[in-house]
Every structure is written in C-alpha cells, then in structure tokens.
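The values are calculated or read from the model by the stated rules, or taken from the named source; none is laboratory data. Bear in mind that the values here come from a model prediction, so they are computed numbers and not experimental data. Cβ atoms come from the backbone with ideal geometry, glycine included; neighbour counts cover every protein chain shown. Accessible surface areas use protein heavy atoms only, side chains included; no ligands, DNA or RNA. Shrake-Rupley method; radii C 1.70, N 1.55, O 1.52, S 1.80 Å.
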Amino acid sequence: MSPDLGRGDRSELSLPIAPSLSPTLDRLSDDEMHVPAPSRTAGRREVLVAGLAMVVALVAALAAQFLMALIGLVTNLAFYGEFSFAVAEGGIHGAPLLILLVPVLGALVVGVLARYGSRAIRGHGIPEVMERVLHGDSEIPARVMLLKPLSAAVAIGTGGPFGAEGPIIATGGAMGSLFGQIAKVTIDERKVLLAAGAAAGMAATFGSPVSAVLLAVELLLFEYRARSLIPVALAASVAAAVRLIFAGSAPIFPTPAVAPAGAWALAVYVLLGACLGLAGALITRFAYQVEDAFDWIGKRFGIHWMWWPALGAVVVGVVGVIEPRTLGVGYDNIVGALDGTIAGRALLMLAVLKFVSWVIYLGSGTSGGTLAPLFTIGGGLGAWSGSLLARFAPGIGVEVATAGLVGMAAIFAGASHALLASVVFAFETTRQPMGLLPILAGASAGYLASLMFAPHSIMTEKLARRGTPVRTGYAVDHLERMLVRDMATYPVVTVSADEPLGEVRTRLSAPARRRGHQAFPVVDQSNRVIGVLTRHDLLDGGQDETTLVRALVKRRPVIAFDDNTLREAADQMVLHHVGRLPVVRRSEPGVLVGILTRTDLLMAHNTRLRAGGARVTETTEEMVAIQPS
C-alpha cells in the first residue's frame, strides 16, 4: 500500500459498489477487465444504414413526384374542372367568386384531416420533424406519411400560397422513420434514416442534392459525422437521379447568365443581404405573432382550431383576387423575378402580397411549405432593389438577377439560420457559378443580421416556445480532444489486496486522513489492479478486522487506457455506473499508473471555458449565476 494514503491531488464523491459479479477475484486476466471499446469510424452497420437510406430515398423521390402530380390534379379539378396532373403556371385564374371560395373549401378539408387524422400534419413540416428527432426517438407515426402529403396537396392545390417542399421533406422523413422502425435499428440510425428521407424529398423537388444534405445537417442531424453524412448524401444523390428521369437536368430556376461582381457591387450585395436577412428575422417574428393571434381568437370566441385554416383561407382568396400569382406553388414567379419578366411595381406587389397571404394562412395552422414562399419574397425584393440600383446608379454594376439570387439566399438564411444550405441552394437551382461570391457574402451578412435580432429561426421558434431551445452550432466535443493521461491523477493512492482490513481502517480513521480520497484502487503485489473500493466499503463494520482487502472486491475493475480520449472514459463511467476509472497503459493493461474521476472530467472543461473568455472561479465561496450563452 502507498505510504501516501489519504493524500491525493483531488478528492471525489463516493459511488455505491455494484452488485457482486463473482465471489472471489484473486487475479484478473486482461480480458476479464472492463476495457473501453475500440473506436471505429465505419463498419457493417454503417453499410447497412447506407443501403437502407438509398431505398428510403428511392421511395421518397417517387412520393415527391406523386405529390407534385397530386397538387396539379387538385388544382385543375378545383379551378378548371379538368382531370390533369400538370401544375399550373403563371398563377391560378378564374372567376373572383371561385378564387374566394375554393381556398376556404380546401382549408375545411385540411382542418378535418388534422382533427380526425393527425394534428401533426399542421404547419410546414420541418419543425415537427425536428421535434421527433430531439424528443421522439425519431419515430414518426405511419399515418403522417399518408396524411401530410394529402393535406398539403389539398391546401396547395386549392390555392394555398405554399411550396410543396416542406410537406415532401416531412413525408420523406416519415418514410425514413418508418423504415427505421421496421428494420429495428438503433435510435441514432433511425435518426439518420429520417434525415436521409427528408434530404431525399428536398433533392427530388428541386434537384439540389448538396443543399439537401446541408439542410439535413443544419436542421435535423445536429451532427457532422461520417456515419450520418454518408447515408444522407447517398440518399440525396439517389433522389436527384430519380428527378432526372422525370424532369430532366435543367435547373428548376433558369436564370440569365450573371457577370462577375465588382468590388462596389459586392459591397452593395452585402448590404442588401443584411437587410433581407433582417427581413427574414422579422418574418419569423410576424409568423408566430399571427399564430398567437389565431390562438387568441380561438380562445376568445370559442372557435376550435379545426376551423382556423378556413379563416386564413379567406385572406388567401382576397389576396388571390388582387394578385392571382400569389396562389399555389408559384415556382415560376421566382423565375420571373430573376429573369426580369416580372419587374417594377408588379414585382414589389407580388412579394408583399405573397408574404401577407402566406404568413396568415400558415399561422392559421394549415399544411404547406416555407421554402418557396421565402424564395419568392426574397428573390422578388432582391430583384426589385437591384433594378432600382441598376436604374439610378448604373456605375455600381449591380445586376437584377444577382440581386435576386442574393435576396433568395439571404432571406432564407435569416429565417432558417441554415446558412450553408441557403448559399448552395441558390447556386444549385440556378447553376450560376459567378453568383456564388455575391450569394455567399450577402447570405452571410443576412445570417449575421438575423442572429443579432432573433435567437431562434422559423424552424426552431416553435420548439423554443415549448421549452425546447435548439442549439444549431456545431463544435468538436472538447472531451474528444483530450486524452486520459492529460487529466488523470498521479501518483495513485492504493490499497494492497493482501493487507488485513484492520490496518487499513486504522489509517483511514486517523484525524489527518478523514478528509481524503473517497475511493481507492486495490492492487496485488505486482501493482496490477483487481478492483476499486470506496471509503464506505473499507470502514463498514460488517467485516472482520482480519479479513483481507481482496475479499471485499465484488466486481471486475472498469479501466481506461492512458491514451483513451476523455469522451471514451466518460462513456465507460456511464455504461458501467462508476465514478472513477483506474488508468493503465495499453502495453500493460493490468498495471495501475493513475486514476481518473468525474471531477477530473469536469475540470477538463477549464481550458474550453478559458479559451472562450470565461472567468473560471478559483474558489467555491461565492455564488455565481449562469451567464446566458
């Protein structure tokens, strides 16, 4: 036994010893100890999940094509009395009374589906999927997979000013979740399949596989690791390939070629992006204020939420009579804003009225997506601003199409806080490489402006209101960057396995030793660890004084190698319900060289906090409040 009994570098709290695993532990071989599982990057499970993700993507891509056809069918039946799957372009036209009544009838159908089918179909889809990832083990009920696209087809087909991508993303996510539940995979693997289905839905809608992967990373996966990134990337690739069969290889938003931006023009795009990013934050706030207003109206007048979409649809109809191009998906409106066919006052009115119609109908609790309306509003405002600058300050070199692209990306980055997805999406859907620099600069400025004004995005505000704030910042786990040897305690205060219990108790009971370590590794004559005993175990009066210490060891030692990361060590503690780990070298797995405690793991964060500028308190005498992040 070490002569330093009771004197260590750090003290710790005791943990109850686990139930006995064997009656005696004379000497354990290396393979009888609980050693950390070896780390690996990929294996057969990852290959299996990748295969399942591609199957999910194939089904989700076909479902996306079906939903677009269903929207076209509902539109043609409701407004024109024709049996056709073609999606209406240039807005929906008809008699004013028809435009007023059809959205209301469609809203009534959506309300019935939500009340008697599943309330989860309300909203634009992505926040609901995020909530299932965070708090529902990535399990989405199968009925949502059927009811979400059906309700979206009715809402959009009857004039709802939404995009189809939100419901398709939610439907693809539900498919991935269902596959995960059937295949009996782990919760993490089911999350990957859910994200793969969601990314496939977006890629199949817009032909934008890279931005679909980035959107999944930024909004659904909450991680950036090979085990999740590869299946999602393969799924997005499969879905984009399926879209090629149905829609060809042309970009969904064909745009006139843009010239490289000069220095002054780039500065203007940054300012434009900041303004539209701030507009995205204001849109988020206003959208939820509208939702609150419907909730207040429902409670004040006793109107069940099933009827709220019909109230919102009244606004949709009125706005549709004024500007028919606000009705329906309206992808052609984005093209018109970028190529200049919709310009001037008409473009500004389209952007403003689209916003009014969309935000009120969305707040009423119907089913529809947010991406296309945001792109219409952002692209319209950006192109309109660009046209003014090109007219009154032609020397700056601002182009209408580039300004529109910056507006699209900036307003979506400001509203969704998904910067990378916003930038790449604007490029993938237009194929304008010269626009990448202005898009990146403008969207980044928009993201910054939005963060200064609104901590939550249009995707996460709903979760935050339910008491579930979502952190979308990603960083390498600090414990992954440090090794056990960096924080372990040396030298180790040990107890000899062959020492009588009475001698140990005498030393522990001495006044100078009463406030020392709370647990001690038990070693044999070769300094090989055979277990760990707490101070309580050693001082318990139920054992005879002549009993050897080794008789008290009732479980195999749980160890850590000195070259393990602190994350691996922390996982060991959690898996085996222990509060301390004897540390050994990999070359001599049984020989004790140190000990790692829970306190050591906490203290490892000192360097992280100091690097971030935090003031680490040296004593525990003062009360310190948690500072907001």
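Between 448, 436, the distinction of being farther than 15 Å from residue 218 by Cβ, modelled with pLDDT of 90 or more, open to solvent by 80 Å² or more (accessible area, probe 1.4 Å) and over 17 Å from the mean Cα position of the chain (by Cα) belongs to 448 only.
Could you please let me know if residue 243 is among the basic types (Lys, Arg), open to solvent by 10 Å² or more (accessible area, probe 1.4 Å), part of a helix (DSSP H, G or I) and closer than 27 Å to residue 339 by Cβ? Here the answer is yes, as residue 243 does meet what is asked. The combined condition, being open to solvent by less than 50 Å² (accessible area, probe 1.4 Å), more than 25 Å from residue 379 (Cβ to Cβ) and aliphatic (A, V, I, L, M), is fulfilled by residue 185. Here residue 185 fulfils each of the conditions (1) farther than 16 Å from residue 362 by Cβ; (2) part of a helix (DSSP H, G or I) apart from (2). From the list 316, 290, 258, the one residue that fits, being in a loop (DSSP other than H, G, I, E, B), within 30 Å of residue 199 (Cα to Cα), open to solvent by less than 30 Å² (accessible area, probe 1.4 Å) and touching a Gly at 6+ places or on another chain (Cβ under 9 Å), is 258. Among the criteria (1) of a type in the set (A, V, I, L, M, F, W, C); (2) over 20 Å from residue 206 (Cβ atoms); (3) in a loop (DSSP other than H, G, I, E, B), the one residue 437 does not fulfil is (3). List every residue pair whose Cβ atoms sit under 6 Å apart, with the two residues 6 or more apart in sequence or on different chains, where the first one lies in the range 241-263 and is farther than 13 Å from residue 404 by Cβ and the second, anywhere, is assigned to a loop (DSSP other than H, G, I, E, B). What qualifies is 243/207; 251/429; 251/430; 251/431; 252/207; 252/429; 262/397. Would you point out which residue out of 415, 410, 421 is part of a helix (DSSP H, G or I), out of contact with any Gly (no Cβ under 9 Å at 6 or more places or on another chain) and within 19 Å of residue 165 (Cβ to Cβ)? Selected residue: 421, the only one of 415, 410, 421 that is part of a helix (DSSP H, G or I), out of contact with any Gly (no Cβ under 9 Å at 6 or more places or on another chain) and within 19 Å of residue 165 (Cβ to Cβ). Within the range 513-534, the set of residues being over 30 Å from residue 477 (Cα atoms) and modelled with pLDDT under 80 comprises 513, 514, 515, 516.
Applying the condition of being open to solvent by 20 Å² or more (accessible area, probe 1.4 Å) and of a type in the set (A, V, I, L, M, F, W, C) to the range 451-469 and asking which residue is modelled with the lowest pLDDT yields 464. Against the test of being in a helix (DSSP H, G or I), farther than 25 Å from residue 101 by Cβ and open to solvent by 70 Å² or more (accessible area, probe 1.4 Å), the options 282, 272 yield a single qualifying residue, 282. Among the residues of the range 361-369, is there at least one that is farther than 16 Å from residue 272 by Cα, in a helix (DSSP H, G or I), aromatic (Phe, Trp, Tyr) and more than 20 Å from the chain's Cα centre (by Cα)? Within the range 361-369, one or more residues are farther than 16 Å from residue 272 by Cα, in a helix (DSSP H, G or I), aromatic (Phe, Trp, Tyr) and more than 20 Å from the chain's Cα centre (by Cα).
Within the range 52-85, if we keep just the residues that are aromatic (Phe, Trp, Tyr) and open to solvent by 70 Å² or more (accessible area, probe 1.4 Å), the residue that is nearest to the chain's Cα centre (by Cα) turns out to be 66. Looking across the range 525-547 at every residue that is β-branched (Val, Ile, Thr) and more than 52 Å from the chain's Cα centre (by Cα), the one that is farthest from residue 594 (Cα to Cα) is identified as 546.
Looking only at residues in the range 319-350 that are assigned to a helix (DSSP H, G or I) and polar (S, T, N, Q), the one that is nearest to residue 405 (Cα to Cα) is 333. In the range 571-578, the count of residues that are out of contact with any Asp or Glu (no Cβ under 7 Å at 6 or more places or on another chain), open to solvent by less than 40 Å² (accessible area, probe 1.4 Å), aliphatic (A, V, I, L, M) and assigned to a strand (DSSP E or B) is zero.
Does residue 580 count as basic (Lys, Arg) and at pLDDT 85 or above? Spelling it out, residue 580 is indeed basic (Lys, Arg) and at pLDDT 85 or above. Restrict the check to the range 86-107 and report whether at least one residue is surrounded by fewer than 21 Cβ atoms within 10 Å (Cβ to Cβ), modelled with pLDDT of 90 or more and within 31 Å of the chain's Cα centre (by Cα). Taking every residue of the range 86-107 in turn, none turns out to be surrounded by fewer than 21 Cβ atoms within 10 Å (Cβ to Cβ), modelled with pLDDT of 90 or more and within 31 Å of the chain's Cα centre (by Cα).
If you go through the range 328-362 and keep only what is touching a Pro at 6+ places or on another chain (Cβ under 7 Å) and either of a type in the set (Lys, Arg) or farther than 23 Å from residue 106 by Cβ (or both), you end up with 335, 339, 354. Screening the range 157-173 for residues that are in contact with a Pro (Cβ under 8 Å, 6 or more places away or on another chain) and either in a helix (DSSP H, G or I) or acidic (Asp, Glu) (or both) and picking the one that is modelled with the lowest pLDDT gives 167. Scanning the range 595-616 for residues that are more than 16 Å from residue 482 (Cα to Cα) and either open to solvent by 50 Å² or more (accessible area, probe 1.4 Å) or among the small types (Gly, Ala, Ser) (or both) gives 612, 613, 614, 615.
The residues of the range 418-427 that are at pLDDT 90 or above and either open to solvent by less than 20 Å² (accessible area, probe 1.4 Å) or hydroxyl-bearing (Ser, Thr, Tyr) (or both), listed by number, are 421, 422, 423, 425, 426. Here is the figure for the range 188-215: residues that are open to solvent by less than 10 Å² (accessible area, probe 1.4 Å) and outside any helix (DSSP H, G or I) total 1. Taking the criterion of being open to solvent by 10 Å² or more (accessible area, probe 1.4 Å), under 17 Å from residue 162 (Cβ atoms) and of a type in the set (A, V, I, L, M), the residues of the range 293-313 that qualify are 310, 311.
Among the residues of the range 326-341, those that are over 23 Å from residue 72 (Cα atoms) and either crowded, with 24+ Cβ neighbours inside 10 Å or in contact (Cβ under 8 Å) with a residue 40 or more places away in the chain (or both) comprise 338, 339, 340. Can you pull out every residue in the range 538-554 that is open to solvent by less than 30 Å² (accessible area, probe 1.4 Å) and either basic (Lys, Arg) or assigned to a helix (DSSP H, G or I) (or both)? Correct list: 538, 549, 552.
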